[in-house]
1. So, in nm, how far is label F288 from label N401 when the simple model puts each one 7 Å beyond its Cα toward the Cβ?
2. Probe radius 1.4 Å, ligands and nucleic acids left out: which of T100, T378 has the largest accessible area, and how do the rest follow?
3. Around Q142, with a cut-off of 14 angstrom between Cβ atoms, what is the net charge of the other residues, counting Lys and Arg +1 and Asp and Glu -1?
4. Based on DSSP H runs of at least 4 residues, each adding -39500 (n - 2.57), what is the mean residue ellipticity at 222 nm of the chain after dividing by all its residues, to the nearest 500 deg cm²/dmol?
5. Only four residue types carry charge here, +1 at the Cβ of Lys and Arg and -1 at the Cβ of Asp and Glu. Report the dipole size of the chain about the Cα centre in Debye, rounded to the nearest 20.
6. To the nearest 10 square angstrom, how much accessible area does L81 have with a 1.4 angstrom probe?
7. Counting DSSP beta bridges in the chain, what percent are antiparallel, to the nearest 5?
8. At 1.4 Å probe radius, can you tell me the per residue accessible area of the stretch 226-376 in Å²?
Amino acid sequence: MSMEQVMVIGAGLAGCEAAWQLAQRGIPVLLREMKPQKMTPAHHSTDFGELVCSNSLRSDQIENAVGLLKEELRRGGSLILACADATRVEAGGALAVDRTGFSALITERIKSHPLITVLEGEVAEIPKEGQVVIATGPLTSQALSERIADLFPGMDYLSFYDAAAPLVTFESVNMEHAWFASRYDKGTADYINCPLTGEEYDAFWRALCTAQEAPVHGFEDKSVFEGCMPVEVMARRGRQTLCYGPLKPRGLRDPKTGQEPFAVVQLRRDNREGSIYNLVGFQTHLRFPEQKRVFSMIPALQNAEFVRYGIMHRNTYLDSPRLLDRYYRVRGSRRLMFAGQITGVEGYVESTASGFLTGVELARRLLGQPPADFPQETAVGALALYVSNESIVQFQPMNINFGIIPPLDHRVKGKRNKNAELSQRALEALARLDF
Ligand SMILES: Cc1cc2nc3c(=O)[nH]c(=O)nc-3n(C[C@H](O)[C@H](O)[C@H](O)COP(=O)(O)OP(=O)(O)OC[C@H]3O[C@@H](n4cnc5c(N)ncnc54)[C@H](O)[C@@H]3O)c2cc1C
């Protein structure tokens, strides 16, 4: 029996994962991607599955909800997790990747799959027939955004602002003023720590608060998503705010003085070779020359060479609780699905998880099998059920967290132990599913 081909639009994390899950189940896929003919303001590489900002997929510990989500994806045969594990770089308890190697591997695996055909070019119309998965991300092209808006008359897209942090070359970091260590000396010494004295910090903080921002239409502090707040916005909240945030010195003892400095900027390795580092927590939308001027006030970054400046963008998503069902399918439609950040899941791993579920459930439907119905006890299921939960009135992008997973039916002492049990229960529930 020849199977109907599914069109997946967007070869980001969600689109590649959905395409892979479909193809692995014998469903032919036509994957449409507008890069490199047309680039969003945040995408730079020609490869698929590009990480537009941080190279970290966050915690890899099972007591952490995003650690659980990753483990479920691994056990489910996720392409993105396999590529992340294969290209990981050391980052304490987190799963960080060599971004170039990661995307190159995804691209190679997708392009060499016999059931996946890749077609370059922007999709400006939603196909009138056939099964379609729209996974075009938070920066969906203008033309397609308009067509999506036409699908849901009277409903505005929701939006928030998102930002990316700058990258510097390792050789331009002045290691006379920095040292390698992880916080509390846990694991391997993966971060470059750049200390500031109280005086240096004050000068830096004042410059940051008054530096010129790039124009972003309609930008207001209140509409910033807390998880990715620009460093200059956080700075303006008070002199000490950064010292409790990205510049927290706790657990970082400078070997030169034996003391914790007043403030510490951390740099995380961005590629396997360790030739590029990102400024952790320095998402920004300052003008580029201002980024150079202000961030160079950090002694270790006096002569830093910026290979990419931070940027800020409007990030759009659907009001999914009113539009989608638990399979990320448009309610009342038999052929239209959304996947990834555009559905209001937030983050790399969450976007991957939504592509995963969409691919698995669509494949099952096309094969005439009953849905897997990932339960709320699993992180993959909890996320889909949250996003499609009609009772949510003011929908905000959602990271995975244990708050959207049902509690245990017995008391457990200590948060870590409780989370470990929730994760155990999730993995057992996953193992019972047929998918
Ligand atoms: C500036 C910025 C910084 C971010 N930083 C982080 C971070 O540090 N950590 C984190 O976890 N998440 C971050 N995010 C969120 C991030 O976008 C998502 O986590 C993730 O990349 C979304 O995956 P996706 O597959 O849904 O979309 P994307 O990865 O954006 O993939 C969508 C793909 O669709 C393509 N496309 C768009 N329109 C069309 C069209 N009409 N036709 C064909 N192709 C099209 C695009 O070129 C792109 O390749 C950030 C987002 C932005 C915008």
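The values are calculated or read from the model by the stated rules, or taken from the named source; none is laboratory data. Quick caveat, the model's predicted, so the values are computed rather than measured. Virtual Cβ from ideal backbone geometry, glycine too; neighbours counted across all protein chains shown. We work out accessible area using only protein heavy atoms, side chains counted, and drop any ligands, DNA or RNA first. Shrake-Rupley method; radii C 1.70, N 1.55, O 1.52, S 1.80 Å.
1. Inter-label distance under the simple model: 3.6 nm.
2. T100, T378
3. The answer is -1.
4. -9000 deg cm²/dmol, from helical runs alone.
5. 580
6. 0
7. Among the beta bridges of the chain, antiparallel pairing accounts for roughly 65 percent.
8. Spelled out: the 1.4 Å probe surface of the stretch 226-376, per residue, equals 38 Å².
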